[in-house]
1. Considering only segment 113-131, how many residues are out of contact with any helix residue (DSSP H, G or I) (no Cβ under 7 Å at 6 or more places or on another chain) and of a type outside the set (Lys, Arg)?
2. Give the residue, chosen from Val97, Val85, that is modelled with pLDDT of 90 or more and either in contact with a Leu (Cβ under 9 Å, 6 or more places away or on another chain) or not assigned by TED's automatic domain parsing to the domain that holds Leu383 (or both).
3. Just one of Ala362, Ala392, Ala438 is surrounded by 15 or more Cβ atoms within 10 Å (Cβ to Cβ), of a type in the set (A, V, I, L, M, F, W, C) and modelled with pLDDT under 80; which is it?
4. With the structure loaded, tell me whether Glu93 is loosely packed, with under 14 Cβ neighbours inside 10 Å and either among the acidic types (Asp, Glu) or under 20 Å from Val388 (Cα atoms) (or both) or whether it fails that test.
5. Considering every residue within segment 317-331, establish whether at least one is within 60 Å of the chain's Cα centre (by Cα), of a type in the set (D, E, K, R) and assigned by TED's automatic domain parsing to the domain that holds Thr213.
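The values are calculated or read from the model by the stated rules, or taken from the named source; none is laboratory data. Worth saying up front: this structure is predicted, and the values here are computed from it rather than measured. Virtual Cβ from ideal backbone geometry, glycine too; neighbours counted across all protein chains shown.
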Amino acid sequence: MNIHQFLLALRGRFWVFATLAASTVVVAILVTLALPKSYDSTVALLLDHRDEQSLSGTMPSLRERTGFIQTQRDIIGSQRVAEQVIRELGLAENQRVKDAFAASGASGRLEDWIGAGLLQKLNVTSSQSSVMQLTYSAGDPEFATRAANAFAKAYMDTTLDLRVEPTKQATVWFNEQLQTLRRDLEVSQERLAAFQKEKGIIVTDERLDVENTRLAELTTQALHAQNATYESQSRSGLASGSRARENLPEVLGNPVVQAIKGELMRAEAALSETATRLGPNHPEYQQRASQVSNLRGRLGGEMSRVVQGVQNVTAQSQAREKSLQAALAEQRQKVIEMRDAKNAAFILARDVETAQKAYEAAQARYTVNKVESGARQANVSILNEATVPARAARPKVLLNIILGVLVGLVLGLAAVFLMELVDRRVRSTEDLESGLDAPVIGSLQPWNPSRLLGGNGGNTRALPSPT
């Protein structure tokens with residue numbers, strides 16, 4: 001079936017098309033008039049991402065703002081906000097509401113049932129801006145306005161409570177932690193002070209520097225004493241032989257020994273000269289021999305005295321070396337103990353520093369939570385309050401009539417098309433050619449007598465109709 005055939009069928013069954021279209025429009029009008037009226041009341045809320053009562057003062061990112069808007073929409077649609085609206089409007093004490101709840105046969109709390117009904121009629125919309133629209137629909141325009149404003153107020157109060165309650169709890173918790181951290185800090189400070197007092201550690205490192213200097217001096221003195229002892233022991237070893245001790249520097253440099261040696265050399269020369277002239281029994285020879293023997297005795301005694309002095313010096317050097325080594329070991333142990341005490345004091349100081357940082361961090365968090373727990377308003381404000389709507393939002397009469405007309409036209413066309421498919425009729429020569437496959441010999445034109453007589457239909461007399 002082509003368009004031409006469908007138009008011929010529509011002309012042939014126009015009454016069906018007109019009846020369905022008119023009936024649909026009438027039904028749409030009746031249904032529209034029968035539907036209860038519904039009024040929409042809208043309140044506009046401005047959500048400020050900046051929190052002027054917060055100490056952070058940071059601006060959220062675009063993703064955080066998108067999540068923030070969605071979170072606020074979820075808060076508005078929560079049962080907590082609905083229950084506050086119920087208390088604001090006093091719906092739980094309304095006898096009609098109680099009767100409706102009893103008649104519904106619902107189980108659970110009355111507040112939950114009322115809240116579910118309120119949330120079903122609430123619509124929250126938002127755009128790319130920070131403005132949210134709260135629209136409440138109801139059959140009573142005044143109730144719709146009251147409910148919309150009540151939802152806005154309940155949402156703002158709930159937002160403030162959700163912000164303040166956790167900070168109050170955190171403030172109490174941080175206050176308890178501050179007391180513990182303060183005690184830990186005091187104990188750490190007392191432990192450090194007692195340790196410094198016990199070990200004699202002052203704030204600066206002057207004493208440790210003094211002890212290190214003294215240790216260096218003792219080390220130098222011990223090295224010098226060790227060298228002196230080694231030299232004294234070497235000389236003492238040389239003095240152990242009768243011939244070797246004559247070559248000792250102390251012996252060679254002693255003026256008494258040198259004077260005796262000079263006298264001994266002169267006496268020995270005189271004795272040798274006397275021995276060439278006189279015999280050993282001569283009194284002069286015996287006198288000179290006795291003089292030489294006395295000088296040799298004096299020289300040996302003086303050399304023994306000098307060697308004994310060297311040995312005494314060696315003993316003193318050894319004693320001094322031992323004393324310095326003992327003092328050095330004691331000083332070294334003292335320095336080590338002081339360094340260990342300094343390290344232990346450093347660890348205690350680190351404990352004090354750690355306790356101080358923990359206390360200061362907790363103090364800062366306590367201050368932030370204490371300030372934010374005293375917030376008096378949420379970061380939400382009413383941009384436009386809900387007003388009583390002048391006209392009903394639903395049903396939309398004009399829209400429903402237009403839809404009824406469109407639906408009626410579609411139904412009429414569909415009915416004509418279906419009837420034509422079920423009961424097909426011949427309405428043109430094309431139907432004969434396509435349906436019966438028979439040639440068309442001729443066709444009858446519509447009756448027009450004036451055209452047959454060749455006149456204009458004004459002065460000629462019409463022939464009678466063949467029918």
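1. 10
2. Selected residue: Val85, the only one of Val97, Val85 that is modelled with pLDDT of 90 or more and either in contact with a Leu (Cβ under 9 Å, 6 or more places away or on another chain) or not assigned by TED's automatic domain parsing to the domain that holds Leu383 (or both).
3. Selected residue: Ala392, the only one of Ala362, Ala392, Ala438 that is surrounded by 15 or more Cβ atoms within 10 Å (Cβ to Cβ), of a type in the set (A, V, I, L, M, F, W, C) and modelled with pLDDT under 80.
4. yes
5. Yes, there is a match, as at least one residue in segment 317-331 is within 60 Å of the chain's Cα centre (by Cα), of a type in the set (D, E, K, R) and assigned by TED's automatic domain parsing to the domain that holds Thr213.
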